[in-house]
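Peer 1: So that we are looking at the same thing, I have put the structure below in structure tokens.
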Amino acid sequence: MIIDSNLHSARVLSHHVLYSDKVVLVAREGHPVLKMPPGVESLNHYEYTLLMMEGASHTELRKRVHEMFPERRISFSSYNLVTIAALIGSSDLIGLMPARFFTLLSRCWPLQVVDFAPLREESVEFSLHYNKLSMRDPVLQSVITAIRQAF
């Protein structure tokens, strides 16, 4: 079992969408961009982080982000959102992350959301993925059911 925002497509796997989350643009508290009028022109002066996902996940979202920020310079990438949050909190880098992760990680680092209207409608889905044969095992079936009901 895995909870992931990637879409895994294998015949033996089943998935259930648990929740959808907004995507937010994040900078450190006191970042100069927070005092500027929100817009692509203001944001083009800064470099970005990038969460690297395995495979070709979120291709549509990545395409729309590239359309919003065609000149986006990525100077740091990681497979770990905690590492990205720590770096954003201590530098002038800007990054994208799901809103729930922002809420959690902003308790650890001084992060703020950069209000950028084109991102308000963007979201990412998180799903529970599991082997279909898991439903034959009563214990795994109850775990899967409990996870689905919790969301």
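Peer 1: Suppose we keep only residues that are in contact (Cβ under 8 Å) with a residue 60 or more places away in the chain and within 18 Å of the chain's Cα centre (by Cα) within region 1-15. Which one would you say is surrounded by the fewest Cβ atoms within 10 Å (Cβ to Cβ)?
Peer 2: Residue satisfying both the conditions and the ranking: ILE2.
Peer 1: Hey, another quick one. For VAL82, indicate whether it is β-branched (Val, Ile, Thr) and either surrounded by 14 or more Cβ atoms within 10 Å (Cβ to Cβ) or over 30 Å from SER14 (Cβ atoms) (or both).
Peer 2: The answer is no for VAL82.
Peer 1: In region 40-67, what count of residues is obtained for those that are at pLDDT below 75, hydrophobic (A, V, I, L, M, F, W, C) and open to solvent by less than 40 Å² (accessible area, probe 1.4 Å)?
Peer 2: 3
Peer 1: Being open to solvent by 70 Å² or more (accessible area, probe 1.4 Å) and part of a strand (DSSP E or B) is the filter; apply it to region 91-129 and report the residue that is nearest to LEU61 (Cα to Cα).
Peer 2: Top of the filtered list is GLU125.
Peer 1: Also, I was wondering about something else. Collect the residues in region 1-39 that are at pLDDT 80 or above, assigned to a loop (DSSP other than H, G, I, E, B), within 20 Å of ASP137 (Cβ to Cβ) and among the aliphatic types (A, V, I, L, M), keeping them in residue-number order.
Peer 2: Within region 1-39, MET1, VAL12 meet the criteria.
Peer 1: Moving to a separate point now. Give me the pairs, please: first residue somewhere in region 89-100 and modelled with pLDDT of 90 or more, second residue anywhere and among the hydrophobic types (A, V, I, L, M, F, W, C), beta-carbon distance under 7 Å, and either six or more positions apart or on two chains.
Peer 2: These pairs meet every condition: GLY89/TRP109; GLY89/LEU111; PRO98/VAL23; PRO98/VAL124; ALA99/VAL24.
Peer 1: If you don't mind, there's one more thing I want to ask. Between a first residue in region 35-46 that is in contact (Cβ under 8 Å) with a residue 12 or more places away in the chain and a second residue that is open to solvent by less than 90 Å² (accessible area, probe 1.4 Å) and small (Gly, Ala, Ser), which pairs have beta carbons less than 7 Å apart while being 6 or more apart in sequence or on different chains?
Peer 2: From region 35-46, the pairs are PRO38/ALA117.
The values are calculated or read from the model by the stated rules, or taken from the named source; none is laboratory data. Nothing here was measured: the structure is a model prediction, and the numbers come from that model. Note that we place each Cβ from the backbone using ideal geometry, even for glycine, and neighbour counts take in every protein chain shown. Surface areas here come from the heavy atoms of the whole protein model, side chains and all, with no ligands, DNA or RNA. Shrake-Rupley method; radii C 1.70, N 1.55, O 1.52, S 1.80 Å.
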